[in-house]
Amino acid sequence: MKEHVMKILIVGDTAVGKTSFIHRYVSGKFKETYKMSLGVDFSVKVLRWSEKETVRLHIWDIAGQDRFTSMTRVYYKGALGCVVMFDISDSSSFLKCHQWKLDLDNKATLPSGAPIPCILLANKCDLPERVVTADSIAEFSKNNGFFTWMETSVRDNRNVDEAMRFSPWSIFYRPSW
Ligand code: GDP
Ligand code: MG
């Protein structure tokens, strides 16, 4: 069995649901609360590519304070895709996405020099108190070079697999049958 390794990042404000998203995607479960850990964690999901090949997705999660630090350059290195996440009930987390995207584009590219492909996820769409409108998300996504955007609910397991399956980097692990 040949194994390809792919590094994917997830960034966004604290408490938007990044760790929950990875946990749901990798293990299929939702935990009500998470312990905040320091530093960077990564989770692994193994996907079947073909009879003879598998892809190991290494999904990197900035734990702790999610602050902008000089650490991010190291964290971004070698990534082939990035999820930028915000909480649809928290407008400041939406505004932060601009900074995350700029920081990523300033510090890292694909080996070809092209920007790292990004998707924008509006999480917690199960909550009634939505403060960010679909129109403003769509406009922001288009103006800032995101491949696409989606509403997700990690709690209700809405669009978690879909977001990862239809991400721009999934061409690397989706066999073209
Ligand atoms: P992180 O700081 O971005 O890693 O956020 P966490 O994954 O630690 O989640 C922060 C809080 O939001 C936790 O209490 C989660 O249970 C909650 N949470 C995560 N996703 C959702 C969601 O889709 N809906 C709701 N209602 N809560 C969520
Ligand atoms: Mg976290």
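Things worth noting here:
- Pairs meeting the criteria (first residue in segment 5-31 and closer than 26 Å to R48 by Cα and small (G, A, S), second residue away from ligand 2 (no atom under 11 Å from the Cβ) and at pLDDT below 90, beta carbons under 8 Å, at least 6 apart or on different chains) are S20/F30; S20/K31.
- For segment 82-96, a residue qualifies if it is assigned to a loop (DSSP other than H, G, I, E, B) and open to solvent by 30 Å² or more (accessible area, probe 1.4 Å), and the qualifying residues are S89, D90.
- When residues of segment 111-152 are limited to those that are in contact with an Asp or Glu (Cβ under 9 Å, 6 or more places away or on another chain), within 16 Å of W169 (Cβ to Cβ) and not hydrophobic (A, V, I, L, M, F, W, C), the one most open to solvent (accessible area, probe 1.4 Å): P115
- All of (1) at pLDDT 90 or above; (2) more than 14 Å from ligand 1 (Cβ to nearest atom); (3) open to solvent by 70 Å² or more (accessible area, probe 1.4 Å) hold for A15 with one exception: (2).
- For beta carbons closer than 6 Å, sequence separation of 6+ or different chains, a first residue in segment 126-152 that is of a type in the set (A, V, I, L, M, F, W, C) and a second that is part of a helix (DSSP H, G or I), the qualifying pairs are V131/S91; V132/S91; V132/F94; F147/P168; W149/I137; W149/S141; M150/A163.
- Any hit, segment 97-110, residues being of a type in the set (V, I, T) and open to solvent by less than 30 Å² (accessible area, probe 1.4 Å): no
- Subset of segment 122-177 (residues that are at pLDDT 95 or above, in a loop (DSSP other than H, G, I, E, B) and acidic (D, E)): D126, D156
The values are calculated or read from the model by the stated rules, or taken from the named source; none is laboratory data. Source: prediction; values computed, not measured. In this analysis, Cβ positions are derived from the backbone assuming ideal geometry, glycine residues included, and neighbour counts consider all displayed protein chains. Note: areas computed on protein heavy atoms with side chains; ligands, DNA, RNA excluded. Shrake-Rupley method; radii C 1.70, N 1.55, O 1.52, S 1.80 Å.
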